[in-house]
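The values are calculated or read from the model by the stated rules, or taken from the named source; none is laboratory data. A quick note: this is a predicted structure, and the numbers were derived from the prediction, not measured. All Cβ positions, glycine included, derive from the backbone under ideal geometry; neighbour counts span all protein chains shown.
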Amino acid sequence: MVNVYNFASRTVIVAVLVWSLLIMGNTSALAATTPGNVLKQPPIEVSVSLGNTANELKFIPNNLKFTTGKRYKLKLNNPSPQKHYFTAKDFADAIWTQKVEAGNLEVKGAIHALELKPQASAEWLFVPMKPGNYQLRCTIAGHTEAGMTGKLAIE
């Protein structure tokens, strides 16, 4: 009976070791796709101006492309003499926002629109999660109609 017990104990130990190795292998693959590891990537910087010093109502550039799983730092600035909004709710729902920084303020969580006052700037750190094409616009009365729109694509 002792021999059967030793055999059973060894079988259980080997099974646990094999199972542990399988789980560790799967955990490594899973860990590569979690936000914690994405946060170790240096962000890809993309700059966008909301208007310009000539007070033209447009985003420069107004057509942006992002890749799922990459980390981005969207650097927004408003050089114009009036405030503008960077509004893209559906895009914001398709990304994971790490944070938005402006001045001495850091905001975390769901962001759907940013208001930039004249001469203001902000940085939006995020990771695109859901591919698609999304609309960008300034929601101040008359700005969308005047052409302050854009397209955001996640591939």
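What do you reckon, is Q98 within 19 Å of the chain's Cα centre (by Cα) and farther than 17 Å from V48 by Cα? So that I can check it myself, show each step before the final result.
Working: within 19 Å of the chain's Cα centre (by Cα): yes; farther than 17 Å from V48 by Cα: yes.
Yes.
Against the definition (out of contact with any Lys or Arg (no Cβ under 7 Å at 6 or more places or on another chain) and at pLDDT below 95), how does V2 come out, yes or no? Spell out how you get there, then give the answer.
Numbers: out of contact with any Lys or Arg (no Cβ under 7 Å at 6 or more places or on another chain): yes; at pLDDT below 95: yes.
When the stated conditions are applied, V2 passes them.
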Residue check: is L57 part of a strand (DSSP E or B) and surrounded by 15 or more Cβ atoms within 10 Å (Cβ to Cβ)? no
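Is it fair to say G132 is assigned by TED's automatic domain parsing to the domain that holds G69, touching a strand residue (DSSP E or B) at 6+ places or on another chain (Cβ under 7 Å) and either exposed (fewer than 13 other Cβ atoms within 10 Å of the Cβ) or at pLDDT 95 or above (or both)?
Values: assigned by TED's automatic domain parsing to the domain that holds G69: yes; touching a strand residue (DSSP E or B) at 6+ places or on another chain (Cβ under 7 Å): yes; either exposed (fewer than 13 other Cβ atoms within 10 Å of the Cβ) or at pLDDT 95 or above (or both): yes.
In short, yes.
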Answer residue from the range 40-83, given it is among the basic types (K, R) and in contact (Cβ under 8 Å) with a residue 12 or more places away in the chain and is farthest from A113 (Cα to Cα) among those: K70
So in the range 107-129, with the set limited to residues that are at pLDDT below 95 and farther than 25 Å from N52 by Cα, which one is surrounded by the most Cβ atoms within 10 Å (Cβ to Cβ)? V107
Within the range 83-106, the residues that are in contact with a Pro (Cβ under 7 Å, 6 or more places away or on another chain), more than 20 Å from F59 (Cα to Cα) and not in a strand (DSSP E or B) are A94
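Are any residues in the range 61-118 among the small types (G, A, S) and on the phi < 0 side of the Ramachandran plot, and if so, which ones? Steps first, answer last, please.
The first filter runs over the range 61-118 and keeps only residues among the small types (G, A, S), leaving 69, 80, 88, 92, 94, 102-103, 109-110, 113.
Scanning the range 61-118 gives S80, A88, A92, A94, A102, A110, A113.
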Look at the range 72-84 and say how many of its residues are surrounded by fewer than 20 Cβ atoms within 10 Å (Cβ to Cβ) and closer than 16 Å to E123 by Cα. 4
